[in-house]
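There's a structure below that I have some questions on.
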Amino acid sequence: MKIRPLYDRVVVRRKEEEETTAGGIVLPGSAKEKPNQGEVVAVGDGKVLDNGEQRPVAVKVGDTVVFGQYAGSNTIEIDGEELILMGESEIYAVVE
């Protein structure tokens, strides 16, 4: 896969949706919520500050991140895989 986001943007692969609940109930496709976690697959070079310096992005490729339910409204498809393009500010946390 060849993609390089610009500035402080990040490309994330959303985690797979859960098929069953903790109680064992199988969910139909329409009842599933999209997960708010994913794996970072590409990052930009960083944000250009007012003084001209560039601040690097705080996440790196391979990190598992948590983002908002409606974050990353820009979805792209590369090699048949749906990815989310979002700004670094839309990421809430890194799961360690």
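What are the residues in the stretch 45-85 that are small (Gly, Ala, Ser), free of Cβ contacts under 8 Å to residues at least 40 places away in the same chain and either assigned to a strand (DSSP E or B) or surrounded by 11 or more Cβ atoms within 10 Å (Cβ to Cβ) (or both), if any?
Going residue by residue through the stretch 45-85, those that are small (Gly, Ala, Ser) are 46, 52, 58, 62, 68, 71-73, 80.
Then drop every residue that is not free of Cβ contacts under 8 Å to residues at least 40 places away in the same chain, which leaves 46, 52, 58, 62, 68, 71, 73, 80.
Those that are small (Gly, Ala, Ser), free of Cβ contacts under 8 Å to residues at least 40 places away in the same chain and either assigned to a strand (DSSP E or B) or surrounded by 11 or more Cβ atoms within 10 Å (Cβ to Cβ) (or both): GLY46, ALA58, GLY68, ALA71.
Can you confirm whether the stretch 8-25 contains a residue that is over 11 Å from the mean Cα position of the chain (by Cα), surrounded by 10 or more Cβ atoms within 10 Å (Cβ to Cβ) and at pLDDT 85 or above?
yes
For the list (1) over 11 Å from the mean Cα position of the chain (by Cα); (2) crowded, with 16+ Cβ neighbours inside 10 Å, I need the number of the one condition that GLU88 fails.
Checking GLU88 against (1) over 11 Å from the mean Cα position of the chain (by Cα); (2) crowded, with 16+ Cβ neighbours inside 10 Å, the one that fails is (1).
Please count how many residues of the stretch 75-94 are over 14 Å from VAL41 (Cβ atoms) and polar (S, T, N, Q).
Residues meeting the conditions: 1.
The values are calculated or read from the model by the stated rules, or taken from the named source; none is laboratory data. Note that the structure is a prediction, hence the values are computed from the model and not measured. Using ideal geometry, Cβ is built from the backbone for each residue, glycine included, and neighbour counts are taken over all protein chains shown.
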